[in-house]
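Right, one structure below, let's go through it.
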Amino acid sequence: MTENHQGANTRFVHAGQEFEPVTGAVVPPLHFSSTYAQDGIGGLRNGYEYGRGTNPTRDALQAQLAGAEFGNHAFSFSSGLAAEDSLIRAVLRPGDHIVLGNDAYGGTFRLIDRVLGAWVIGNTPVDMGDEAALAAAIEKNKAKLVWVETPSNPMMKITDIAKVAEIAHAAGALLVVDNTFASPFLQQPLTLGADIVVHSTTKYIGGHSDVVGGAVIVKDAELAEKIGFIQFAVGAVSGPMDAFLTTRGLKTLGVRMRTHSENAAQVAQWLRERSEVERVLYPGFEDHPGHEIAKKQMSGFGGMVSVQFNGGESAARKIAESTKLFTLAESLGGIESLMNYPSEMTHASVKGTELAVPVNLLRLSVGIEDPADLIEDLEKAFSNL
């Protein structure tokens, strides 16, 4: 059986994880060295020269990430935003344009609009579900890059990756998919026509809220060469300990994602039955606008749930500050349940823009605790309304 035909959990556990040849250690060793001895000037041992450019622990993670996403090349960075920044600088030049979803993660929009905008990289937010508007925005701006999150953060919109890839490629643009919310266990965008996949590996891939990182995965060798050059030249690489922790997390991604998904489904259903709730945003519901697309391109609906309250901003804030098991904190995708008030936390940077998040919305990252305990925690918090 070839690696590309192996199951997800087999790839997660074994890709890039060959046993150490001297002792037979089944876990590849952690390499902290910043530099490597040369056998004469330019006589590199297996290509290792300096830690910014190459490190065996990071190389092992990159092979693992490529296997997870059915890519040929992967690059590990010090954070998700470092990965995005390096990717954009690898493929775009001043004067180029990005078309992105009008509900993109606030940090991504801040990077594109406020940081790279100063270097004359333009952007146009658009509803990725409106095919005509998307095609028009690409054509009008001669966009080189189309940027999709699916499910999106935190509005849980689902984008048809194959359809957007068709539209982008017809116009000569590359399609980037942020696969952080779904994870490689539930969705593999490169198999659906995407050119590039990005991750905040801090989230589900790392999975334990103890390491920050990012990744870019591609199939195309020319793209890989460009991204690899920026990774080396700019140097926002993951350190060896970060790479080691991320590798350890990725090995258990499948078993964790099953529990995240099962728990989220139960929490979402409980929320939906509460009179205090205006709307639950969860693609597992049959009446979710993107449900059928999610069924087609995902193997499960994930661990993220967003909820809006009839009581408005005050109700959302009250719940956010009343739970015990759901910890009020930034981030998502860890084994513990987290609650986030995006309007003032993860998406504060897009307040007042088209990407602003409703003030009555909370984002729940449902962990792997017992679901009955999570629901009891929410029930106690609701009693404070």
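The values are calculated or read from the model by the stated rules, or taken from the named source; none is laboratory data. Just so we're clear, the structure is a prediction, and the values are computed from it rather than from any experiment. Methodologically, a virtual Cβ is constructed for each residue, glycine included, from the backbone with ideal geometry; neighbour enumeration extends over all protein chains shown. Heavy atoms of the whole protein, side chains included, go into the accessibility calculation; ligands, DNA and RNA do not. Shrake-Rupley method; radii C 1.70, N 1.55, O 1.52, S 1.80 Å.
I need a count of the residues in region 34-63 that are open to solvent by 60 Å² or more (accessible area, probe 1.4 Å) and either in a loop (DSSP other than H, G, I, E, B) or small (Gly, Ala, Ser) (or both). Quick ask: steps written out before the conclusion?
Step one: list which residues in region 34-63 are open to solvent by 60 Å² or more (accessible area, probe 1.4 Å), which gives 34-35, 37-39, 41, 44-46, 49-50, 52.
Still in the running and either in a loop (DSSP other than H, G, I, E, B) or small (Gly, Ala, Ser) (or both): 34, 37-39, 41, 44, 46, 49, 52.
Matching residues across region 34-63 total 9.
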Open item on the list: I need the full set of residues from region 22-33 which are open to solvent by 80 Å² or more (accessible area, probe 1.4 Å), within 30 Å of Arg256 (Cα to Cα) and free of Cβ contacts under 8 Å to residues at least 24 places away in the same chain, in order please.
Closed with: Val26
- [ ] Output the qualifying pairs, or none if there are none: Cβ atoms under 6 angstrom, residues six or more apart or on different chains, first residue in region 356-385 and without any contact (Cβ under 8 Å) to a residue 40 or more places away in the chain, second residue crowded, with 19+ Cβ neighbours inside 10 Å.
- [x] Ala356/Val350
- [ ] Give the residues of region 134-183 that are in a loop (DSSP other than H, G, I, E, B) and farther than 24 Å from Val359 by Cα, sorted by residue number.
- [x] Lys142, Ala143, Lys144, Asp160, Ala171, Gly172, Ala173, Asn179, Ala182
TODO: Output the qualifying pairs, or none if there are none: Cβ atoms under 7 angstrom, residues six or more apart or on different chains, first residue in region 36-49 and closer than 21 Å to Ala60 by Cα, second residue open to solvent by 60 Å² or more (accessible area, probe 1.4 Å) and assigned to a loop (DSSP other than H, G, I, E, B).
DONE: Tyr36/Glu49; Leu44/Gln38; Arg45/Asp39
Task: Criterion (farther than 24 Å from Asp103 by Cβ and open to solvent by 10 Å² or more (accessible area, probe 1.4 Å)) met by exactly one of Phe232, Phe181 - done: Phe232
TODO: Assess whether Val267 counts as being closer than 26 Å to Gly302 by Cβ, open to solvent by 20 Å² or more (accessible area, probe 1.4 Å), β-branched (Val, Ile, Thr) and modelled with pLDDT of 95 or more.
DONE: no
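Return the total of residues in region 303-325 being in contact with a helix residue (DSSP H, G or I) (Cβ under 6 Å, 6 or more places away or on another chain) and crowded, with 21+ Cβ neighbours inside 10 Å. Explain how you work it out, then say what you get.
Our first condition is that a residue be in contact with a helix residue (DSSP H, G or I) (Cβ under 6 Å, 6 or more places away or on another chain); within region 303-325, this holds for 303, 305, 307, 309, 319, 322-325.
When the remaining residues are screened for being crowded, with 21+ Cβ neighbours inside 10 Å, the result is 303, 305, 307, 309, 319, 323.
Counting residues in region 303-325 that are in contact with a helix residue (DSSP H, G or I) (Cβ under 6 Å, 6 or more places away or on another chain) and crowded, with 21+ Cβ neighbours inside 10 Å gives 6.
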TODO: Specify the residue that is least open to solvent (accessible area, probe 1.4 Å); the eligible residues are those in region 347-358 that are touching a Ser or Thr at 6+ places or on another chain (Cβ under 8 Å) and more than 23 Å from Phe382 (Cβ to Cβ).
DONE: Ala356
- [ ] Scan region 122-137 and report the pairs whose first residue is in contact (Cβ under 8 Å) with a residue 60 or more places away in the chain and whose second residue is exposed (fewer than 15 other Cβ atoms within 10 Å of the Cβ) and among the acidic types (Asp, Glu), with Cβ atoms within less than 6 Å and a gap of 6+ or a chain change.
- [x] Pro125/Glu354
- [ ] Using the structure shown, decide if Val115 is hydrophobic (A, V, I, L, M, F, W, C), touching a Leu at 6+ places or on another chain (Cβ under 7 Å) and not in a loop (DSSP other than H, G, I, E, B).
- [x] no
TODO: Return yes when Tyr341 is open to solvent by less than 50 Å² (accessible area, probe 1.4 Å), free of Cβ contacts under 8 Å to residues at least 40 places away in the same chain, under 30 Å from Ile112 (Cβ atoms) and aromatic (Phe, Trp, Tyr) and no when it is not.
DONE: yes
TODO: Would you mention how many residues in region 359-368 are under 22 Å from the mean Cα position of the chain (by Cα) and either in a loop (DSSP other than H, G, I, E, B) or surrounded by fewer than 23 Cβ atoms within 10 Å (Cβ to Cβ) (or both)?
DONE: 4
Open item on the list: What's the number of the only condition in (1) surrounded by 15 or more Cβ atoms within 10 Å (Cβ to Cβ); (2) not hydroxyl-bearing (Ser, Thr, Tyr); (3) not in a helix (DSSP H, G or I) that Asn384 fails to meet?
Closed with: (1)
